[in-house]
Each structure stands twice: as structure tokens, then as C-alpha cells.
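Novice: Sharing a structure below in C-alpha cells format, with a few things to ask.
The values are calculated or read from the model by the stated rules, or taken from the named source; none is laboratory data. Please read these numbers as outputs of a predicted model, since none were measured by experiment. Every residue, glycine as well, gets a Cβ built from its backbone with ideal geometry; the counts of neighbours run over all protein chains shown. Surface areas here come from the heavy atoms of the whole protein model, side chains and all, with no ligands, DNA or RNA. Shrake-Rupley method; radii C 1.70, N 1.55, O 1.52, S 1.80 Å.
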Amino acid sequence: MENIGINIINLRETLNSKLIDSGWDLMLSPFVNGLSFDMIMQALEQNVSQGRRFTPRFKDVFNAFYECPYKDLKVVIVGQDPYPQLGSADGIAFSCSNKNKAEKSLQYILKALGDEDGDVDLRRWSNQGVLLINTALTVEINKIGSHYHIWKPFTEYLFENINRHKSNTIFILMGKRAEEWQTLIPNCKILKCSHPASAAYKGRIWDSGDVFNKTNLLLQKQEKSCINW
């Protein structure tokens with residue numbers, strides 16, 4: 001794990017620059033430049049100083065926003081945590097570009113799409129206007145749910161602002177943890193399904209609730225281009 005005992009000013013400059021490039025700056029910069037962001041960074045730094053490593057790599061934490069242009073945002077897929085195994089998470093929920101091999105959750109998703117040999121780098125969805133995020137953007141190695149409260153202020157801010165400024169965005173909430181946020185997005189279209197990891201743990205077939213086809217039907221009604229899943 002890299003040392004993140006870094007200058008918060010330099011961090012902000014880098015992050016704000018990349019958010020400008022993807023168009024997320026107007027929405028996210030007020031948070032990034034505020035005290036709540038400082039507290040998140042301090043919590044992560046404290047974890048590292050105590051020997052509690054986290055994933056993904058710090059430079060990858062905001063990849064979901066860098067790869068999904070704000071102007072193109074149509075769909076938000078919400079999971080729970082990044083992959084907790086060291087080296088798997090790449091900053092885009094469910095994506096497996098680092099190892100180029102699908103983790104169980106993505107295996108179930110691709111199978112539900114009838115695309116079991118599909119590309120495991122989900123930037124291909126991000127670039128079509130799909131924001132793939134988790135309720136926490138980091139997680140302690142092999143400790144699911146460990147950073148949920150660290151990122152809660154950010155997730156709250158993000159969802160409230162998407163609801164305010166991007167009404168009718170389609171949210172796919174995967175699992176109970178994701179569903180807890182639905183009260184913050186009353187102006188958006190909400191689809192729900194179980195988290196694919198729950199099926200993996202129980203050795204069952206994942207019930208996707210046909211959310212991917214339902215999403216494209218909603219996009220058609222909104223006269224927007226469908227997602228090529």
C-alpha cells in the first residue's frame with residue numbers, strides 16, 4: 001500500500017483537475033474542497049499508519065468519475081464495497097481490469113447478460129454514461145463493510161446532488177446496503193436486485209431482476225441511447 005501521508009493541497013489540485021476533465025467538478029469540487037473530505041483522507045491515513053491496508057490503490061479511488069463523463073451520465077449502479085482482495089479493485093465497481101479475470105460478482109453479472117466471456121474492464125460501461133460506484137469507495141483488505149462510515153458523507157452528498165441536478169437518472173441498487181440510500185434519490189428512477197455476491201456466497205443462481213433490460217427500456221422512454229452491456 002502506498003504511503004498516503006500526502007499534502008492535502010496537492011491532492012486537491014490533482015483531483016480537481018481530473019474532475020474538470022470529466023465534467024464532475026461543479027458537483028464534486030465543493031465537497032472535495034471542504035472539511036468532510038479532509039476527514040475522509042485523515043481516516044484513511046490513520047488506517048494506513050495503524051497497519052490496516054485498504055483497496056483500491058489511492059490513485060484509483062475516483063476512477064468511476066474520471067471514466068464516466070458527467071454530461072453523459074444516465075445510469076448509476078450501486079454496490080457495497082470494492083473487491084476486498086488485494087489488487088482486484090480498480091476504482092470502478094465490479095470492474096476487474098487489474099487482474100483481467102472476473103471476480104465472482106462480475107462472473108454472475110456477465111452470466112446474467114449472456115456474456116460470460118465478456119470484457120472484464122467495465123470502463124466500456126463507464127464511457128457510455130454508467131457510473132459504477134460502491135457505497136464506500138475503499139475497504140480494508142479482507143474486511144467487508146469496514147469503510148462504510150468513512151465514506152458515508154461523500155455518498156450522501158453525491159446522491160443528493162445527482163437527485164437534484166440529474167433527475168430521472170436510473171439507479172440500479174444492488175443489495176440491501178445499496179437500497180438504504182433510496183430515500184435520497186426520489187427524483188430518480190430506481191431498480192433493485194440482490195447483490196451478486198450474495199448468490200456467490202450461497203452457491204445459487206443470481207436473480208438480476210432483469211435490471212439491465214429494464215434500464216434500456218427506461219432509457220428508450222427517456223429518448224436516450226441504450227447501454228451496450
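Novice: Which whole-number value in Å² is the accessible area per residue of the chain, probe 1.4 Å? Walk me through the numbers before you get to the answer.
Specialist: Working: 10940 Å² over 229 residues.
On a per-residue basis, 48 Å².
Novice: Within the stretch 60-195, count lysine pairs with alpha carbon atoms under 19 angstrom apart where the residues are 8 or more positions apart or belong to different chains.
Specialist: Count of close lysine pairs: 16.
Novice: Further, regarding this structure: Please report, in cubic angstrom per residue, the volume enclosed by the convex hull of the alpha-carbon atoms of the chain.
Specialist: Details: hull volume 25.5 nm³, N = 229.
Roughly 111 Å³ of hull volume per residue.
Novice: Between residue 10 and residue 161, what is the label-to-label distance in nm when each label sits 7 Å out along the Cα-to-Cβ direction?
Specialist: It works out to 2.5 nm between the two label points.
Novice: Could you tell me what fraction of 2.2 N^0.38 Å the Cα radius of gyration of the stretch 115-216 comes to, as a two-decimal ratio? Could the numbers behind the result be given before it?
Specialist: Working: Rg = 14.5 Å, N = 102, 2.2 N^0.38 = 12.8 Å.
The value comes to 1.13.
Novice: What spacing in nm lies between the two simple spin-label points modelled at residue 59 and residue 180, each 7 Å away from Cα in the Cβ direction?
Specialist: Here the answer is 3.2 nm between the modelled labels.
Novice: Summing -39500 (n - 2.57) over the DSSP H runs of n ≥ 4 in the chain and dividing by its residue number, what mean residue ellipticity at 222 nm do you reach, to the nearest 500 deg cm²/dmol?
Specialist: -12000 deg cm²/dmol, from helical runs alone.
Novice: What's the FRET efficiency of residue 187 with residue 18 using the Cβ-Cβ distance as r and R₀ = 22 Å, to the nearest 0.05?
Specialist: 0.20
Novice: Could you work out what % of the accessible surface of the chain is carbon and sulfur, using a 1.4 angstrom probe and leaving DNA, RNA and ligands out of the count?
Specialist: 47 percent
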